[in-house]
Amino acid sequence: MRMQRWVQAATLAAAAVGPAGAAGGGGVSVGAAGDAVDMLPTFKAVYAATWNGIKLGEITLELEREGTYCYRYQSHARPRAMVRMFYGEPAETSHFCLVDGAVKPVRFRFDHGDDSYELDFDTVDSVVRGAGETRELPDNAQDRFGMHQAVRAWIMRQAPEPPAGDFTFSMVEDDRIAEYTLRVTGEESVKVPAGSYDAFLLERIDPRRIGRFWVAPGADYMPVKVENGKDGDVQLTMELLRYTPKDDAPEASAGES
């Protein structure tokens with residue numbers, strides 16, 4: 001994993017949920033375990049990123065509502081001067097909707113000069129278009145950024161109980177489709193610049209790759225700390241600096257209660 005791709009690695013952080021509350025906020029309420037999720041809490045979260053102990057800058061994640069069941073999820077990097085000089089300030093945007101409590105991708109865009117690309121998902125015909133081709137979509141396909149919220153919805157369906165089993169999905173990028181599996185392996189208390197949180201430890205199941213995500217209900221089911229790496233070495237670390245929940249629930253239309 002090259003250093004100049006730190007933002008791309010950072011945004012592979014999976015969103016998830018933990019047990020009863022923690023410092024840093026009251027969290028959100030969920031239904032009984034097994035209930036379908038009909039709404040995702042919206043927010044703005046800012047993380048500090050480091051690469052092998054070197055401070056890289058900040059990354060902001062923001063979820064906003066687009067209608068009743070659809071959302072726009074965005075990231076924007078603010079690298080430190082030396083990183084920005086060589087890599088710029090890339091951004092990612094994922095549009096998706098909740099269907100029967102599961103995230104269904106609609107459109108994804110990566111903005112970064114000559115490396116920019118866009119993917120359009122057709123979940124009716126099970127194809128994805130973009131990057132110069134049309135490809136068949138496997139089951140539970142997600143774009144590489146919107147998958148955060150897909151994992152989040154999966155965990156929320158089982159809250160407040162610890163999530164059982166694995167979450168397996170196919171991540172679609174411009175040049176490949178790869179399968180990922182995530183599993184909750186424990187419960188821990190973790191301290192980050194934003195505060196102290198009780199969290200689940202969510203890990204990527206892969207013999208070579210490291211993916212650890214400490215996810216807390218006190219941050220509305222978003223991760224408060226992330227570690228990514230390979231071959232036993234942690235390379236990228238992200239820690240929550242600020243978390244701001246939003247109150248943008250859609251107004252009830254005629255016929256809605």
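The values are calculated or read from the model by the stated rules, or taken from the named source; none is laboratory data. Keep in mind it's a predicted model, so treat the numbers as computed, not measured. Counting neighbours? That spans all protein chains shown, and the Cβs are built from the backbone with ideal geometry, glycine included. Calculation scope for accessible area: heavy atoms of the full protein, side chains included, ligands and nucleic acids excluded. Shrake-Rupley method; radii C 1.70, N 1.55, O 1.52, S 1.80 Å.
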Return only the number of the condition from (1) over 18 Å from the mean Cα position of the chain (by Cα); (2) open to solvent by 60 Å² or more (accessible area, probe 1.4 Å); (3) not hydrophobic (A, V, I, L, M, F, W, C) that Arg135 does not satisfy.
(2)
Just to be sure, is Arg135 more than 19 Å from Glu64 (Cα to Cα) and assigned to a strand (DSSP E or B)?
yes
Within region 103-121, the count of residues that are closer than 18 Å to Asn140 by Cβ and open to solvent by less than 30 Å² (accessible area, probe 1.4 Å) comes to 5
Please determine whether any residue of region 87-96 is among the β-branched types (Val, Ile, Thr), touching a residue at least 12 places away in the same chain (Cβ under 8 Å), open to solvent by 20 Å² or more (accessible area, probe 1.4 Å) and not in a strand (DSSP E or B).
no
Filter region 103-114 for residues that are over 20 Å from His148 (Cα atoms) and touching a residue at least 24 places away in the same chain (Cβ under 8 Å); which is nearest to the chain's Cα centre (by Cα)?
His112
Which one of Ser75, Ser170 is surrounded by 21 or more Cβ atoms within 10 Å (Cβ to Cβ), touching a Phe, Trp or Tyr at 6+ places or on another chain (Cβ under 9 Å) and part of a strand (DSSP E or B)?
Ser75
Among the residues of region 104-132 satisfying the criterion of being among the β-branched types (Val, Ile, Thr) and modelled with pLDDT under 95, which is farthest from Arg65 (Cα to Cα)?
Val124
